[in-house]
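Written below as structure tokens is the structure these notes are about.
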Amino acid sequence: ATYWDPELKADDPAKKGICSNFLCDTEPGAEVQMTGPAGKVMLLPEEDPNTDYIMVATGTGIAPYRGFVRRLFTENTPAANAYKGQAWLFLGVANSDALLYDDEWQEVKANYPDNFRLDYALSREQENKKGGKMYIQDKVEEYADEIFNKLDGGAHIYFCGLKGMMPGIQEMLGSVCKDKGINYDEWLKGLKKNKQWHVEVY
């Protein structure tokens, strides 16, 4: 990874990427010490192959879900062979040209139409029900009843991406809870207690 300096009209070697350049410059066969993954937030519980997974991402927060979807649908693994639930991916980006791995998602959707769902929130191309920009919380809210039913049935919900998405998500979920006569704090506490709520934001 390099940084193009518009004033110098050249790559600025002082601003090289750390990890990418280290890996690119490493000779084949060299020993590399690695660590991770850290924490257990973004893991798939595989005890019950009927578990539904709701995955909510903004931008590069899509990365762990790419691994989830590959494990569940494209790799020849015991988890993939046993999986009977539904994995539902929500991705929020600004424009359709910023959709990451769309070809992969479309292939999985075509091959597993009953087990994989896909919804995009394109903030500069779509409008929410109030006529404003379509952000990730707006797209999730469109399916609030179905999502709440899935969570009541033991589904796991994951959030990954910029931490700025979480206030909007939590405000939306709080509003839905209020409309349903549910105490939001108690509802969220229950999801966390049952290990159904997973957040990895940065």
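Can you pull the one-decimal nm distance between simple spin-label points at D11 and N76, each 7 Å off the Cα toward Cβ?
With each label placed 7 Å out from Cα toward Cβ, I get 3.9 nm.
Work out Dmax and Rg for the chain from the C-alpha atoms and quote the Rg first, both in angstrom.
Answer for the chain, Rg first and Dmax second: 19.5, 61 Å.
Which one, Y143, L162, I182, is farthest towards the positive end of the dipole of region 120-183 when Lys and Arg carry +1 and Asp and Glu -1 on their Cβ?
Farthest along the dipole direction, towards plus: L162.
Using +1 on the beta carbon of Lys and Arg, -1 on that of Asp and Glu, and nothing else charged, what's the dipole of region 127-196 about the Cα centre, debye to 20?
Working: 12 positive and 11 negative charges, 60 e Å.
Roughly 280 debye for region 127-196.
Can you put D119, D102, D97, D185 in order of accessible area, largest first, using a 1.4 Å probe? Kindly include the intermediate steps, with their values, before the conclusion.
Numbers: D119 20, D102 50, D97 135, D185 110 Å².
So, going from the largest accessible area down, we get D97, D185, D102, D119.
Which angle from 0 to 90°, rounded to the nearest 10, does the C-alpha axis of helix 184-193 make with the longest principal axis of the chain?
60
I want to check the label-to-label distance for K189 and M166. Put each point 7 Å from Cα in the C-beta direction and report it in nm to one decimal.
A separation of 1.9 nm, rounded to one decimal place.
Between K180 and L99, what is 0.36 nm times their sequence separation minus the Cα-Cα distance? Round to one decimal in nm.
Full-extension gain reported as 25.9 nm.
So if I place +1 on the C-beta of Lys and Arg and -1 on the C-beta of Asp and Glu, and nothing else carries charge, what would the dipole magnitude of the chain be about its Cα centre? I want it in debye, nearest 20.
The dipole magnitude comes to about 580 debye.
For the chain, build the charge dipole from Cβ charges (+1 Lys, Arg; -1 Asp, Glu) around the Cα centre, then report which of V108, M134, W197 sits farthest towards its positive end.
Of the options given, the answer is W197.
Once you've got the GNM for the chain with C-alpha springs shorter than 10 Å, pick whichever of V32, V140, V108 has the biggest mean-square fluctuation.
Of the options given, V32 has the highest mean-square fluctuation.
Relative to the longest principal Cα axis of the chain, at what angle does helix 102-111 sit, 0 to 90 degrees, rounded to 10?
50
May I ask you to list the aspartates and glutamates whose Cα is less than 20 Å away from that of K40, ignoring any residue fewer than eight positions away on the same chain?
Answer for K40, where 20 Å is the Cα cut-off: D48, D52, E200, listed by chain and number.
Which length gain, in nm to one decimal place, applies between K133 and D25 when the Cα-Cα distance is subtracted from 0.36 nm times their residue separation?
Details: separation 108, 0.36 × 108 = 38.88 nm, distance 4.26 nm.
Going from the current span to full extension adds 34.6 nm.
Do the sum for the chain: with -39,500 (n - 2.57) for every DSSP H run of n ≥ 4, divided by all residues, what is the mean residue ellipticity at 222 nm, to the nearest 500 deg cm²/dmol?
One gets -10000 deg cm²/dmol as the mean residue ellipticity at 222 nm.
The values are calculated or read from the model by the stated rules, or taken from the named source; none is laboratory data. Since we're looking at a predicted model, the values are computed, not measured. So basically every Cβ, Gly included, is an ideal-geometry build from the backbone, and we count neighbours across all protein chains shown. Side chains are part of the model used for accessible areas, which takes the heavy atoms of the whole protein and leaves out ligands, DNA and RNA. Shrake-Rupley method; radii C 1.70, N 1.55, O 1.52, S 1.80 Å.
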